[in-house]
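The values are calculated or read from the model by the stated rules, or taken from the named source; none is laboratory data. Computed from a prediction, not measured in an experiment: that's the story for all the values here. Note that we place each Cβ from the backbone using ideal geometry, even for glycine, and neighbour counts take in every protein chain shown. Surface areas here come from the heavy atoms of the whole protein model, side chains and all, with no ligands, DNA or RNA. Shrake-Rupley method; radii C 1.70, N 1.55, O 1.52, S 1.80 Å.
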Amino acid sequence: MSETLLFSGDRSCKRSECEVRASRAASGLRDFGVRRGDRVALLLRNDFAFFEGTRAATLLGASPVAINWHLAPPEVEYVLKDSGAKVLIAHSDLLQLLGDIIPPGLLVLKVETPPELSAAYGQPASSKHSAINSESWDHFIESHPPLDNPCRDFTDTMTYTSGTTGKPKGVFRQPQNPELAAKFLGVRDMIYGIKPGIRALICGPLYHGAPNSFGTRTYAVADKVFLMPRFDAEGFLAMVEQERITTVFMVPTMFARLLKLPDAVRSRYDVSSLEFVVTAAAHCPPDVKTAMQDWFGPVVHEFYAGTEQNYVTYCTPEDALRKPGTVGRALGGVTLRIVDQDRKDMPLGTPGEIVSRLEMAPEFTYANNDLARRELDVDGLIATGDIGYLDEDGYLFLCDRAKDMVISGGVNIYPAEIEAVLHAMPGVADCAVFGVPDPEYGEALMAIVQPENNANLTTEQVTAYLKERLAGFKVPRRIEFRSDLPRNDSGKIYKRKLRDPYWETVSQAGTRAAS
């Protein structure tokens, strides 16, 4: 098997070079006091150093903690303290922004921001005057010999939930022995299309769960791995053509951005090298997947998973054609049930909460919050918080998140169904549907629509479009237009930021009445 080559901008390196650097870094971390079960925090964009830091931690049996670098300094401080990280490895420009939030006793290792990242994010190429006491990552590596007796167990990256419903929770997975880890990684490789000889493109942020899983495995297996500093639709097409990319993980938002490119731009690039495009993180609307299949060919795969429950279902391109809207059938080794509020099984075709478990996945808990972990347990399975149903052939269809379901006049309404219809409306760039207080029905549907550039949509047009395609009770009573909607990097909208202001007035009124 040929050795993996890594590329970023004009830079390249061999995996063996990264492995030597990671081994030396692990030796230094061990001397500092990092042991099996400890945590090493990474505040890094897509860079070789992300792989080096991840490998250094896992060589010690420690967990890499991938931090979303979009977080504000107090949010980074929370993750560092909650995870109990002993070390922070950070890009120099990101380190500059943290101020005085670094916990006492934390070893801070500074990675100089490479030129392609500086250019992509408009940051200075070097930040040598940070007020934070830190040591150079390169100097730290060069100062230590390779590690002897590395840990052979598999340690997965510790990620933090998005925090859309409160403080994020750190999902900590127990290390696995090599035999069990091989089975688990076999499932991961199948889902992501990872095998020797592929040319993989990492176009999502490595701090996020799915891009991280895809990235760390392609680093270990692929022929060539290309890093995008940040996703750009036309830049993505150019890289696919130039580097003959075969395998890529993408979120549905990336599909939407690609499809919005002018036809002249889309036809300019040759994407015939693509053999396996996989999507997850947010459910891909059927019309979007169909459009991508028409463009890229029958190469678009999808899986359903979660930070806690791991991989659940898998959908082939053929499945998508036969069962539009499905996220596939349960993977081998997965137990999958649809249950009601009393945890009793629902009939086929009837929505309920999805509970599941992948038998070879490493056991997990939440950092400092075992109670929250126990609350997810349903007869040994893991509650997902997602609503869906199984059809007579065992295919899973998602309805919505349980917390997003709207009960209006006693009727359960799933906003995701309405959003899928709105996404197909000409002139709509993005949308969010949620419940707001209503004195008569308890909750009423509200839609916030982001029009495409130069699109002059009206409330009457949106209402008429929905009435032609949905039952009347599913048509939002209130429709507003905004130029932008808050999304995280997985493509999920932060509905809490949109919804909370409407419910705060109700809470305040209740508080005033009680006083």
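Computed quantities for the displayed model
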read-out	value
Whichever lysines have a C-alpha closer than 22 Å to that of Lys195, once near sequence neighbours (fewer than 8 apart) are set aside	Lys14, Lys183, Lys224
Structure-derived percent of Cα pairs over 31 Å apart: which label, when the choices are [x] 44; [y] 69; [z] 48	[z]
Paramagnetic reach from Tyr502 (point 7 Å along Cα→Cβ, amide N under 12 Å) across segment 439-454	439, 442-449
Helix-only CD estimate at 222 nm, as mean residue ellipticity for the chain, using -39500 (n - 2.57) per DSSP H run (n ≥ 4)	-10000 deg cm²/dmol
Karplus-derived HN-Hα couplings along segment 265-274 (A = 6.51, B = -1.76, C = 1.60, θ = phi - 60°), whole Hz, x at Gly and Pro	6, 4, 7, 6, 10, 8, 10, 5, 6, 5
The chain, relative contact order [Cα under 8 Å, separation at least 6], %	10
Cα→Cβ-extended label distance, 7 Å offset, between His139 and Glu468, nm	6.7
Loop trypsin sites (Lys or Arg not before Pro), segment 188-291 (other Cβ atoms within 10 Å of the site Cβ: 15 or fewer; DSSP)	Arg230, Arg244, Lys260, Arg268
Leu348-Asp294 FRET efficiency (beta carbon distance; Förster radius 45 Å; 0.05 resolution)	0.90
Projected label distance in nm at Asp31 and Arg268, using a 7 Å step from Cα toward the beta-carbon	5.1
Difference of contour (0.36 nm per residue) and Cα-Cα distance, Glu241 to Cys13	79.9 nm
Selection from Trp295, Leu371, Tyr314, by position along the positive dipole direction of the chain (Cβ)	Leu371
The chain - accessible surface per residue (Å², probe 1.4 Å)	43
Exceeding the 25 Å Cα-Cα cut-off - candidates Lys474/Lys495; Lys86/Lys497; Lys86/Lys167; Lys169/Lys474	Lys86/Lys497; Lys169/Lys474
Förster radius 51 Å - calculated FRET efficiency between Glu440 and Glu179 (Cβ-Cβ, nearest 0.05)	0.25
Accessible-area ranking of Asp379, Asp340, largest first, probe 1.4 Å	Asp379, Asp340
Heavy-atom SASA rank of Asp156, Asp377 (probe 1.4 Å, accessible area, largest first)	Asp377, Asp156
Ranked order, Trp137, Trp503, Trp295 - accessible area, probe 1.4 Å, largest first	Trp503, Trp295, Trp137
Net dipole in debye of the chain [+1 Lys, Arg Cβ; -1 Asp, Glu Cβ; about Cα centre; nearest 20]	520
Added length on full extension, which subtracts the Cα-Cα distance from 0.36 nm per residue, Val20 to Asp287	91.5 nm
Sites Gln450 and Glu275, calculated FRET efficiency, Cβ-Cβ separation with R0 30 Å, nearest 0.05	0.35
Nitroxide proxy distance, nm - points 7 Å out along Cα→Cβ at Glu480 and Thr316	4.6
Reduced Cα scattering model of segment 1-151, Debye log10 I(q)/I(0), q = 0.12 Å⁻¹	-0.47
Protein accessible area in the chain, 1.4 Å probe - carbon and sulfur %	50
